[in-house]
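What follows is a set of notes on a single structure, which appears directly below.
Every number here is computed from the coordinates shown, using simple stated rules; none is lab data. This is a predicted model, so every value here is computed, not measured. Quick reminder, even Gly has a Cβ in these numbers, built from the backbone with ideal geometry, and neighbours come from all protein chains shown.
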Ligand SMILES: C[S@@+](CC[C@H](N)C(=O)[O-])C[C@H]1O[C@@H](n2cnc3c(N)ncnc32)[C@H](O)[C@@H]1O
């Protein structure tokens, strides 16, 4: 895959003339709806998105960082197991980690969990914007540490690490092309052409497969 999920959704939005705030957005859900003809799609957002609901899309209002909201979502969706889960919400590391460790239990065996827009926005990263969290490590670091050492970097906001360790089958990272364009000057990039190169710790997307 050469694009991140957000970039794919942005291309889809441009193609369909979807403009956030003007005609209500929701490019990702609409894209999955068009792409997977038989899929039932559940959306969760802290803001109401019922304008997106149709025969196969159902949206819910929930804060992805609040367990009671996640419990309510699971109850409302009948406790089903999901094939694919995409987190493209607040992008805060604490929210990403709470949602991931909560929803991984509701993913099918062999299912895929995507986390969009990984950032250097946790403890020790110096981030201070609205998606930063200064008391836990950023999600990229937490997951990379697991790959390298077999345990998750601390402090983190993961709920049941033993369950995750037992059920994680694979973790892959993806660097969106836009993230590499400033790494080398164009002349050097041309020389490198087919060599894979990217700036360390700039992965923007990860996928985790369940055992
Ligand atoms: C980057 S946009 C994703 C848009 C989506 N992919 C689409 O195409 O419509 C992030 C979304 O996360 C929502 N959001 C922000 N904080 C949230 C939270 N704590 N819980 C759930 N959703 C949240 C925002 O309202 C926004 O719609």
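Values for this structure:
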item: Proxy reagent accessibility, fewest Cβ within 10 Å first, across 169, 117, 201; result: 169, 201, 117
item: Ascending count of other beta-carbon atoms within 10 Å, so fewest first, for 154, 116, 166; result: 166, 154, 116
item: Angstrom value of the Kirkwood radius, inverse mean 1/r, which spans all Cα pairs in segment 1-131; result: 15.8 Å
item: 129, 160 arranged by Cβ crowding within 10 Å, fewest neighbours leading; result: 129, 160
item: Cα point-scatterer Debye curve for segment 71-110, base-10 log of I(q)/I(0) at q = 0.27, 0.30, 0.32, 0.35 Å⁻¹; result: -1.02, -1.12, -1.16, -1.19
item: Calculated P(r) of segment 62-210 - Cα pairs past 29 Å, %; result: 21 percent
